[in-house]
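These notes concern the structure reproduced below.
The values are calculated or read from the model by the stated rules, or taken from the named source; none is laboratory data. Keep in mind that what you see is a predicted model, and the values were worked out from it rather than measured. Here the Cβ positions follow ideal geometry from the backbone for every residue, glycine too, while neighbour counts run over all protein chains shown.
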């Protein structure tokens, strides 16, 4: 049930998520807990957080440094923020549940809060990815239109408000998917493996995931057609056009990122067919969330430069601190030696 049901119709919510119909221990703990899977989730979480957090810092710096691409970098920052928090949920929290062998009725409120948050972040990330794709296509095809739509703090704020609004409305009206440590996957049925599937399905989830797939495919297909007509049909060339090449580089980063979003959405659409491959599917979903960081490090020169410069600045600060410490220690030793010789 959705947050609307939780707050406005608590009786209906309690009937749907009623945990008195069965005993959690009717499925043995050994069948519910999977320490190896939990460790894999947590290791992936640490890895992706360590590479994503510096990228998030660099993206924020880029949004301040490159005024012409501020809207793109602000959207990338929002996407990264949702991914970083999402990685925490799908690795550390899910890893803890998997290690302990928890199912929904083991910790009902905690499970529900985490799963609502996960659904919220999924909608936030996918909606942001759609707007980001639209932004890149318009910027490259018609920069003047892009300025009218995206330039200025007020316009950017309006675009950034759209994903937050969509996510809030989605979680208010639509029930979340619930994690089960037994198979290490998400289901609409909170009592998966205990009670039958009847009535546990969300058409809105299915429709939204298909919408994401179709929308991303449509945006890039239209852009590819228009771009080819504009720059190749009339004999235009990309050689020497450094600004366009830079825009295309950013566009390709967004394209690859959105491709992972599309694959994740398709996995959700066909999740019933992935139940026999639940653990690999979960690994894939975690990798999808961390993939933008790898894409940025491999393809975005501005982000790499900021990170390298930050590391160099940190090395200089640490070197100065070490030199200062050595100098202070040397002076102290000299002073102590002088006092000792004087006393003797």
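Which condition breaks for residue 64 when tested against (1) modelled with pLDDT under 90; (2) closer than 30 Å to residue 4 by Cβ?
It fails just one condition, (2).
For region 207-214, indicate whether the set of residues that are crowded, with 19+ Cβ neighbours inside 10 Å and under 22 Å from residue 21 (Cα atoms) is non-empty.
No: region 207-214 contains no residue that is crowded, with 19+ Cβ neighbours inside 10 Å and under 22 Å from residue 21 (Cα atoms).
Scan region 178-190 for residues that are in contact with a strand residue (DSSP E or B) (Cβ under 9 Å, 6 or more places away or on another chain), surrounded by fewer than 22 Cβ atoms within 10 Å (Cβ to Cβ) and assigned to a loop (DSSP other than H, G, I, E, B) and jot them down.
Answer for region 178-190, where residues must be in contact with a strand residue (DSSP E or B) (Cβ under 9 Å, 6 or more places away or on another chain), surrounded by fewer than 22 Cβ atoms within 10 Å (Cβ to Cβ) and assigned to a loop (DSSP other than H, G, I, E, B): 188, 189.
Mind listing whichever residues of region 96-112 are within 18 Å of residue 43 (Cα to Cα) and without any contact (Cβ under 8 Å) to a residue 60 or more places away in the chain?
Within region 96-112, just 96 meets the criteria.
Being assigned to a loop (DSSP other than H, G, I, E, B) and either in contact with a strand residue (DSSP E or B) (Cβ under 9 Å, 6 or more places away or on another chain) or surrounded by 15 or more Cβ atoms within 10 Å (Cβ to Cβ) (or both) narrows it down to one residue among 175, 163, 196; which is it?
Working: 163 fails: assigned to a loop (DSSP other than H, G, I, E, B); 196 fails: either in contact with a strand residue (DSSP E or B) (Cβ under 9 Å, 6 or more places away or on another chain) or surrounded by 15 or more Cβ atoms within 10 Å (Cβ to Cβ) (or both).
Being assigned to a loop (DSSP other than H, G, I, E, B) and either in contact with a strand residue (DSSP E or B) (Cβ under 9 Å, 6 or more places away or on another chain) or surrounded by 15 or more Cβ atoms within 10 Å (Cβ to Cβ) (or both) holds for just one of 175, 163, 196, which is 175.
With the structure loaded, tell me whether residue 305 is surrounded by 15 or more Cβ atoms within 10 Å (Cβ to Cβ), at pLDDT 80 or above and closer than 29 Å to residue 47 by Cβ or whether it fails that test. Lay out the reasoning, then the answer.
Details: surrounded by 15 or more Cβ atoms within 10 Å (Cβ to Cβ): no; at pLDDT 80 or above: yes; closer than 29 Å to residue 47 by Cβ: yes.
Criteria not met by residue 305.
Check residue 237 against each of (1) at pLDDT below 75; (2) within 16 Å of the chain's Cα centre (by Cα) and name the one condition it does not meet.
With respect to (1) at pLDDT below 75; (2) within 16 Å of the chain's Cα centre (by Cα), residue 237 is out only on (2).
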